[in-house]
Amino acid sequence: MRVGVSLRSGYDTEDGRRGAQWIVERARAARQAGLDSLFVGDQHVTAYAYYQNSPILARLLAEWGDRPAGALYLLPLWHPVLVAEQVATLAALSAGPFVLQCAIGGGEAQFAGMGIELGERRSRFEAALDIVRRLLAGEEVSASGPWAIERARVGPSPAEPVEVWIGAAAPPAVARAARLGDAWIAGPYATGEELAGQVAEYRQACTASDRRPSAVVVRRDIHVGRDDDDARRVAEPVIGRGYRGLRPEVLVVGGPEHVADEFRRLAALGFSDVLVRHLADDEREVLASFERLADVRRLVADA
């Protein structure tokens, strides 16, 4: 199993430079820990400091090296020509493979703030993904429908094909990920039993669509302590405040051996990659957890 990171992009801080510094520190720590991939997320219309995907990733690529990297784009909220332009430039800055993560998104406030009808998100997603792919392949694209464009082109063309990983949880969305994506990302909310069912649905849908995925990915929110007691010391106050609305049983909290065991269980369910996000608020604890992820990665690889 490969271990990558989906970096936290939102912070409750009045000092915008401090939050940006934390993200850069975490990308550097991920590289030093030898993690296999690096990603940032996508969110809009927030009441707190949220560092937007394209510019922050461009900065992080200077820290990262030649392993896979990418960003999530909630495609219904983006004009597809702009997405293709952003991805083409980021892929040119990346020394390694670039991965386009995408999802349909949600939240009335987010869609209203961007002037998009929530009910249009599925049609906008599929149309946008088709346009983005064609533009990145070097085509001149004209289209009607939810995105009316005429003779659009982008450059530079990526040096290697950009993989598309689609995030999905509900059965129709998982089937769409199998039909349209190179890989599927399971979200952080599902328990092990629920993930097992989703993997089975995804594999069945891949077979029906005659597609072989390049990766089967799951995100997990974690903290790696010196040992299990140390991990609980840091994580329990955060969990007690209702961390991101996630159920405690889906969080991975413990020493390196425990976290490695949890990742092996995910591998046994059929996942090839786990993308971690650190749940601690204290930057020193987060960086220490990153250091211990190097041990976790070795334990998983040696199993």
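We did not get these values from a lab; they are worked out from the coordinates using the rules stated. Not measured: the values here are computed from a predicted model. Note that we place each Cβ from the backbone using ideal geometry, even for glycine, and neighbour counts take in every protein chain shown.
Here are a few things to note about the model shown:
- Of all residues in segment 193-210, exactly one satisfies the criterion of being farther than 11 Å from VAL174 by Cα and surrounded by 16 or more Cβ atoms within 10 Å (Cβ to Cβ), namely LEU195.
- Residue that is outside any loop (DSSP other than H, G, I, E, B) and closer than 30 Å to ARG284 by Cα, where the choices are VAL174, VAL217: VAL217
- Residue match in segment 140-160 (condition: in contact with a Pro (Cβ under 7 Å, 6 or more places away or on another chain), outside any loop (DSSP other than H, G, I, E, B), surrounded by fewer than 18 Cβ atoms within 10 Å (Cβ to Cβ) and not small (Gly, Ala, Ser)): no
- VAL217 vs. criteria in contact (Cβ under 8 Å) with a residue 40 or more places away in the chain, among the hydrophobic types (A, V, I, L, M, F, W, C) and under 17 Å from LEU38 (Cα atoms): yes
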